[in-house]
1. Has region 163-172 got any residue that is surrounded by 17 or more Cβ atoms within 10 Å (Cβ to Cβ) and under 19 Å from residue 30 (Cβ atoms)?
2. Counting only residues that are at pLDDT below 90 and within 20 Å of residue 164 (Cα to Cα), how many does region 98-119 have?
3. For residues that are touching a helix residue (DSSP H, G or I) at 6+ places or on another chain (Cβ under 7 Å) and within 24 Å of residue 136 (Cα to Cα), tally how many sit in region 67-105.
4. Would you call residue 133 free of Cβ contacts under 8 Å to residues at least 12 places away in the same chain and out of contact with any strand residue (DSSP E or B) (no Cβ under 6 Å at 6 or more places or on another chain)?
5. Within the bounds of region 17-28, is there any residue that is surrounded by 11 or more Cβ atoms within 10 Å (Cβ to Cβ) and modelled with pLDDT of 75 or more?
6. With the checklist (1) within 21 Å of the chain's Cα centre (by Cα); (2) part of a helix (DSSP H, G or I); (3) at pLDDT below 85 in hand, flag the one item residue 72 doesn't pass.
7. Are any residues in region 114-125 surrounded by fewer than 19 Cβ atoms within 10 Å (Cβ to Cβ) and in a helix (DSSP H, G or I), and if so, which ones?
């Protein structure tokens, strides 16, 4: 009797954990938004370097885009938060992780260079190192093993840009944002629709 009760309890705990994981599935919207925004900014910066545009204008471009992106991202998160009917601890962990990562990247991206701690050319590899950590932890929270491979991509790219800095940094970084953030964002969005909105997927398949 005790063994049967234990099996029932374990089954119940497993079901609760699985439901919590499904509810905590990231919809990928923020990955898509930031991936597109930052990659576009990197490509713009690349051409600004080619055409010898003043560093002041380059810095202003980044400040305006990142500030606008932060405000837009906050609005997106507030809307998503209101739409969620259930809030899990895993979801809270994800939000806390990316908020902390965002603050860290802002400090590295702006304050570090303004203070003269390092050259602006090393902003990308420093931030990509932070992203590698964030993706690795996200993989554990969401039980998404392929996110760990994205972490390896971020770390490998960061190592390459540390060793071979130069004007190509912006071009390589832009491609990395598309490959390791924007495209995975679309995969997450598809997965989110499939797991939490199965009726939508079925209707989409019928139309195809």
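The values are calculated or read from the model by the stated rules, or taken from the named source; none is laboratory data. In this text, all values refer to a predicted model and were calculated from it rather than measured experimentally. In this analysis, Cβ positions are derived from the backbone assuming ideal geometry, glycine residues included, and neighbour counts consider all displayed protein chains.
1. no
2. The total comes to 1.
3. 13
4. no
5. yes
6. Looking at each condition in turn, residue 72 falls short on (3).
7. 114, 120, 121, 122 - these are the residues of region 114-125 that are surrounded by fewer than 19 Cβ atoms within 10 Å (Cβ to Cβ) and in a helix (DSSP H, G or I).
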